[in-house]
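Following: one structure in structure tokens, then a few remarks.
Just so you know, all these numbers are worked out from the coordinates, no wet-lab data involved. Since the structure is predicted, the reported quantities are computational estimates derived from the model, not experimental observations. Cβ sites come from the backbone with ideal geometry, for glycine too, and all protein chains shown count toward neighbours.
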Amino acid sequence: MKIIIAGPAWPYRGGIATFNERLALQLQSEGHQVKIFTFTLQYPSFLFPGKTQYSSENKPENLDIVRTISSVNPFSWLKTARLIAKESPDAVVLRFWMPYFGPSLGTVGRYLRKRGIKVVSLVDNIIPHDKRPGDKLFAKYFAGSVDGFMAMSHSVLDELKSFDHSKPAVFSPHPLYDQYCSSSTKEESCAALGLDPAKDYYLFFGLIRDYKGLDLLLQAMSCDPLKDNKAELIVAGEFYSNEDRYRQLSHYLALEGRIHWFPEFIPDNQVHHFFTVSDLIVQPYKTATQSGITQIAYSFDKPMVVTRVGGLAEIVPDGKCGYVVDPKPVAIAEAIADFYDRRPDFSAGIAQQKKEFSWERMTENLLKLISLTAE
């Protein structure tokens, strides 16, 4: 098939861009022809909370990436739609993760469908974690622009029903982020990060937003089950919320010396160091759908502590691959303390669970969705 993916890709950074590129490579390896249409302007600078939207990596090899769509310029939406239509694709995949992109991507989808081109969407969130005025209106407009949906958590699949319950909708779990793996040892990665290889570490990784619950984890460190534990926390990720708030909380809780801060966006070629040195990955989210962090953890065979919100419990079976707990400091503390007290072996469960998260399964489900839209 000839497939177009429209959404983030190089030169933009982040998990969704990385995912789209990996998906394109997988489809190409299966014999499909793939082109990615990405943004000339993704977010206006005043809407972007980080330091830069752009990747420091080289352009991916063997990928055809076209920059043509501006999220704020309606003329570019029509231009992009016409360029895609000229390609005469068998199907177009629109990546949707935030209602802000409903007008731009929704207009592209509507134009293409009117010309008989199949349009499906891979939906990360239909209702965002950080809600803003106009979210439902923009999401509804987008939902009307496609022939079918694929979601990576059952919670998103359920939310989609409130926007459209008649179109085909397929569940496919988030595949492994297998491109980060490295043969470096803990000693080598500790040297790269300036850490002591004789110590134990647990990891909070990824862009820091309030809904991800870093404050709950900091509070957990001061709870009795974890207060005297010798393992130290690594916080690695750029702050997309108020950094001072978290720094002040850690100071108030007297956590100095127990936390190693790496407050910047972690480039792809450095990701493996953080997972290699860590014994346990902690995701104390207050709300969630799915998370790419869990799939990086699986690729490094690392057990996890996740909270019982959204789709996290779907992909981290409690007691098999780690711990599923309530989003409360004491519950998080008890799980981390139990891990270091008992040192349970989750390796067999992780190895079994990883089989569910192949890229082959993702493309199989995507092609299934495309076929359903023809029925």
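Using helices alone, what [θ] at 222 nm do you get for the chain, with -39,500 (n - 2.57) per DSSP H run of 4 or more residues, divided over all residues and rounded to the nearest 500? Please list the in-between numbers first.
Values: 15 runs with 145 residues, N = 375.
So the helix-based figure for the chain works out to -11000 deg cm²/dmol.
Under 14 Å between C-alpha atoms is the cut-off here; go through region 125-242 and count lysine pairs that meet it, provided they're at least eight residues apart or on different chains. Walk me through the numbers on the way to the answer.
Working: K136/K161; K140/K161; K140/K167; K186/K199; K199/K230.
Number of lysine pairs found: 5.
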Nearby lysines by direct alpha-carbon distance to K320 (threshold 16 angstrom, same-chain neighbours under 8 apart not counted)
K302, K354, K355
Region 139-170 and region 41-78: distance between their alpha carbon centers, rounded to Å
25 Å
Taking placed amide H atoms and a strict 5 Å upper bound, the residues 5 or more places from V119 or on another chain that come that close are V92, D147
Choice from P303, P11, P284 showing the highest fluctuation, given a GNM over the chain with Cα pairs closer than 10 Å
P11
Radius 15 Å from Cβ of Y246, net charge of other residues (Lys, Arg +1; Asp, Glu -1)
-1
